[in-house]
1. Counting other Cβ atoms within 10 Å of each Cβ, which GluC sites (Glu not before Pro) in the stretch 44-74 have at most 11 and sit in a DSSP loop?
2. Check TYR7: other-chain or 5+ apart residues with amide H under 5 Å from its amide H, H built from backbone geometry?
3. Obtain the nm distance between the two label points defined at LYS116 and ARG131 by a simple spin-label model: each point lies 7 Å from its Cα along the Cα-to-C-beta direction.
4. For the stretch 90-140, what is the accessible area per residue in Å² when the probe is 1.4 Å?
5. Taking only DSSP H segments of four or more residues, each worth -39500 (n - 2.57), what value at 222 nm results for the chain once the sum is divided by all its residues, to the nearest 500 deg cm²/dmol?
6. Taking R0 as 25 Å, what FRET efficiency do you get between TYR31 and ARG71 from their Cβ-Cβ distance, rounded to the nearest 0.05?
7. Step through the residues of the stretch 35-44 one at a time and calculate ³J(HN,Hα) from phi using the Karplus curve (6.51 cos²θ - 1.76 cosθ + 1.60, θ = phi - 60°), rounding each to whole Hz and writing x for Gly and Pro.
8. So what are the ³J(HN,Hα) numbers for the stretch 114-124, from phi and the Karplus equation (6.51, -1.76, 1.60; θ = phi - 60°), rounded to whole Hz, Gly and Pro as x?
Amino acid sequence: MNEKKVYYLGIHQNMLEPVSLSYLCFGALWYEDNNQRYIVGYGFGENKIEVLRQFSNHSSCEKCMDPNIVREVYRSIRDKQQKQDWSTRLRFPLSNVFRAPWKDVASGWYIVRSRKIFPLHLSAIHKKRYRIWLEHWSILLSVRVNPNCSLL
């Protein structure tokens with residue numbers, strides 16, 4: 001039996017784009033097979049028209065009007081990205097050890113944030129004498145502080 005796959009296109013406004021940390025329009029293209037969802041592609045844009053253009057080569061797809069399904073697709077993509085962030089270790093080029101700001105700091109562990117407002121990227125850096133490792137990075141949307149705990 002040769003069944004033709006049915007592709008679905010879903011678009012949702014105000015979803016966090018993890019690189020720029022901006023809330024943009026999110027669009028995804030997927031198909032379903034044996035009750036399993038397979039994401040073909042996704043993208044972000046300033047508006048729905050820009051997102052639709054990214055998927056223009058799949059003109060024969062159904063539009064998904066259920067925002068909950070589009071949020072599920074987005075969440076599954078972000079969950080996979082976050083799992084990869086926790087498991088990926090990256091070594092910076094050797095030359096970084098001899099350039100600012102790393103040339104003047106002692107060996108040890110450092111937490112670096114991308115900016116002062118949320119959302120932000122938070123990175124755990126391990127500086128050794130001749131190596132710098134990005135051990136983990138994550139996106140923080142906000143932080144809840146327990147009033148009974150003190151912050152250092």
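The values are calculated or read from the model by the stated rules, or taken from the named source; none is laboratory data. Computed from a predicted model, the values in this text were never measured in an experiment. FYI the Cβ positions are ideal-geometry reconstructions off the backbone, even for glycines, and counts take in every protein chain you see. Note: accessible area is taken over every heavy atom of the protein model, side chains too, but ligands, DNA and RNA are not part of it. Shrake-Rupley method; radii C 1.70, N 1.55, O 1.52, S 1.80 Å.
1. In loop regions of the stretch 44-74 (DSSP not H, G, I, E or B), the sparsely surrounded GluC sites (Glu not before Pro) are GLU46.
2. Excluding prolines and chain starts, which carry no amide H, the hits are GLU62.
3. 3.6 nm
4. Accessible area per residue, the stretch 90-140: 68 Å².
5. Calculated mean residue ellipticity at 222 nm is -6000 deg cm²/dmol.
6. Between TYR31 and ARG71 the formula returns 0.85.
7. My calculation for the stretch 35-44 gives 6, 10, 9, 10, 7, 8, x, 8, x, 10 Hz in order.
8. Those phi angles translate into 7, 6, 8, 9, 8, x, 8, 8, 10, 10, 9 Hz.
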